[in-house]
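The values are calculated or read from the model by the stated rules, or taken from the named source; none is laboratory data. In this text, all values refer to a predicted model and were calculated from it rather than measured experimentally. Cβ atoms come from the backbone with ideal geometry, glycine included; neighbour counts cover every protein chain shown. Ligands, DNA and RNA are stripped out before the accessible areas are found, and what is left, the full protein with its side chains, is counted by its heavy atoms. Shrake-Rupley method; radii C 1.70, N 1.55, O 1.52, S 1.80 Å.
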Amino acid sequence: MSDAERISNRPSGRMNGGRALAEMLRLAGVGPMFGMGGFQLLPFYDALAQLGMRHFLINDERCGAFAAEAYARVTNRPGVCDGTLGPGATNLVTGLIEALNAGTPMIALAGDTNRAHSWKNMTQECRQAEILRPAVKELIRVELTSRVPELLRRAFAVATSGRPGPVLLDVPEDVCHGEHDFAADDFTIDPTTLSAPARRIRPDRADIARAAALIARAKRPLILVGGGIHLSAGYQALLALAEAQSIPVAHTMSGKGGIVCTHPLSVGLFGRYSRIANELIEASDCLLVIGCKLGEIATKRYALPPARIPLVHLDILAEEIGRCSPATVALWGDARAGLEDLAEALADDDRRARAARADYIGEIPARMAAWRQEAAAQLDSSERPIHMARLCRELNSALPANATLVADGGFAGHWTGLLYDTKSPGRHFIPDRGLASIGYGLPGGIGAALAAPQTPVVAITGDGGFNMMLGELETARRAGIGLTIVVVNNAASGYVKALQHAMFRGRYQSSDLVEMDYAAIARAMGCVGIRVEDPERLGAALREGLAERSRPTVLDIVVTRDPARMLPAVDNRTVEIRQGDRVA
Ligand SMILES: Cc1ncc(C[n+]2csc(CCOP(=O)(O)OP(=O)(O)O)c2C)c(N)n1
Ligand SMILES: [Mg+2]
């Protein structure tokens, strides 16, 4: 890399480690940061103030990690968060693992004890490096103030290369407060490492040829796309291959938006919940898996895909290929690059393939229409309390094409994963399927809203998940963001209650919440609060939330309290459960 290609702002002279951290993050052009201060990182905070960089105090470091994670998903640039030593650092764990499992680029800073006194019962001291190490792609302990720029460069390179992920910089107090004479040359960074994917690798050509031969022979090929399509921004390449070859596309929750949900070749979610995609998998004669781990939920606990169907698996992480289902052809590489190469290898055969698959493709609108008809009673339901399917239908009508829906871990994510339709390609649906924690919705919404201030962002969360995070309404209000938060109010830890209904004959334990008016709570916190009990009011309430641009709006949606009717697409009164089964 020549000097001209590097980004450099060339500050120089004597400065403390905190200032050097801030200078490097400024050089990297990071977006808003999220954290909660403590003594160890205060020089960093002071430098942020002096440099005029955006940093938001968050009320729980876990939320800072969630917000930074969602920011990264929207932008593909590393999200940045921080925590002080001990409890600040340990509170980051859940958000960092979300990023690790989802492949989201992140950089987290944790203050640590002054090494002159460490391991002498320092206040808040704990073995935080050991606790955090398995939560991140790489943990970097910064041992010298002089090495801050070099190690931040390393952090960006790790966060955005290969399968992206979170990197934690563990910064001892004396390194952050300590000073060093920096040279102008110290402050440089490789611009390719500032967003994911830092570098693209193409699958082996011979493997592409074998995969192309398999696809060419197939009468009913099907693409199964996961979150990797977003990390690679392979939207155009996916659409081009699907259209040129007439191959329908099914998606995981994380992969939703790889192809627009309203596209005629989109067959929706596959796995635990499905419209028509699972049937198409069963009837397929060649599956092309793109950027997808084929984990428990995507495979209905490994019941899919059937072993008899040849499987081409394209992934950026070589050891992920064939981990859960054996791959007939392994394609190791970037999703976009691999899709482009496949399209090129098949190009001469496009016309024949499209003609041969005309009937196959023709089935899809009819199957989708049949599914819609079956689901119509739910989608159009005017029952009170409100049906979740009706809420999803209203979200589909009210949200414009450029909107982003952030979905929390409970039923909010399950139902919208199945029924929400994105209208333009890209990350317009953000579920926290890395670790599927509840509580992601509100802080994730904050991160997404700050990442794309001009676009409408709606966060949908359960009441349990919202209870966990209520304090962040204060953050959202302070940040002045027009985020719409949809609270699915079923007065329950609903998923747990539904399983207790199905599996333990309605013996409920610790799954009920008290009836709350979340709209009133929101109003008391200076936000807009609207309680909706009538489904006919949903559309207007959503539009009101979207129109409010300077403070959060909480829509408290009163949905079914009947645990027999909570699970999407499963009539659990008739589900037969054997020992060890998991229905959802
Ligand atoms: C941190 C965390 N704890 C527990 C769970 C297990 N869990 C999955 S869904 C769910 C219910 C959450 O209740 P709520 O947010 O109200 O959503 P609902 O299922 O009622 O829609 C729970 C406890 C989880 N996913 N994450
Ligand atoms: Mg609930």
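Summary of computed values
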quantity	calculated
Potential extension, GLU515-ARG54 segment - 0.36 nm per residue separation minus Cα distance	162.2 nm
Average accessible area per residue (Å²) across the chain - probe 1.4 Å, nucleic acids and ligands excluded	37
Using a Förster distance of 45 Å, the FRET efficiency for PHE504-ILE364 (Cβ separation, nearest 0.05)	0.70
Segment 333-408 versus segment 499-514: alpha-carbon centroid distance in Å	34
FRET efficiency estimate (nearest 0.05) - Cβ-Cβ, ASP534 to HIS117, R0 41 angstrom	0.10
Fraction of accessible area attributable to carbon and sulfur, the chain (%, probe 1.4 Å)	51
Phi to ³J(HN,Hα) by Karplus 6.51 cos²θ - 1.76 cosθ + 1.60 over segment 544-553, Hz, x for Gly, Pro	5, x, 5, 6, 7, 9, 10, 8, x, 10
Pairwise centroid distance, computed over Cα atoms, of segment 216-236 with segment 459-494, Å	34
Those aspartates and glutamates that a straight Cα-Cα span of less than 14 Å connects to LYS300, excepting residues fewer than 8 apart in one chain	GLU279, GLU282, ASP581
Cα-based shape type of segment 379-464, given that a ≥ b ≥ c are square roots of the gyration tensor eigenvalues and the cut on a/c is 1.5	oblate
Using θ = phi - 60° and Karplus 6.51 cos²θ - 1.76 cosθ + 1.60, couplings along segment 380-392 (whole Hz; Gly, Pro as x)	9, 3, 10, 5, 10, x, 5, 7, 4, 5, 5, 4, 5
Estimated vicinal HN-Hα couplings, Hz - segment 79-85 in sequence order (Karplus 6.51, -1.76, 1.60; Gly, Pro = x)	x, 10, 9, 8, x, 7, 5
Rough spin-label spacing in nm, given labels placed 7 Å along Cα→Cβ, for ASP350 and ASN402	3.0
Residue-averaged [θ]222 nm for the chain, counting only DSSP H segments that reach four residues, each worth -39500 (n - 2.57)	-11000 deg cm²/dmol
Amide H within-cut-off set for ILE140, under 5 Å, with H built and near neighbours excluded	LEU168, LEU169, ASP170
Eligible aspartates and glutamates near LYS293 by straight Cα distance, threshold 16 Å, same-chain separation 8 or greater	GLU98, ASP315, GLU319, GLU320, ASP334, ASP432
Stretch gain in nm, segment ARG384-ARG202, where the contour uses 0.36 nm per residue and the Cα spacing is subtracted	60.2 nm
Fraction of beta bridges assigned by DSSP in the chain that are antiparallel (%, nearest 5)	10
For the chain, projected area of the alpha-carbon convex hull averaged over all directions, nm²	27.1
Cα centroid separation, segment 409-435 to segment 160-188 (Å)	35
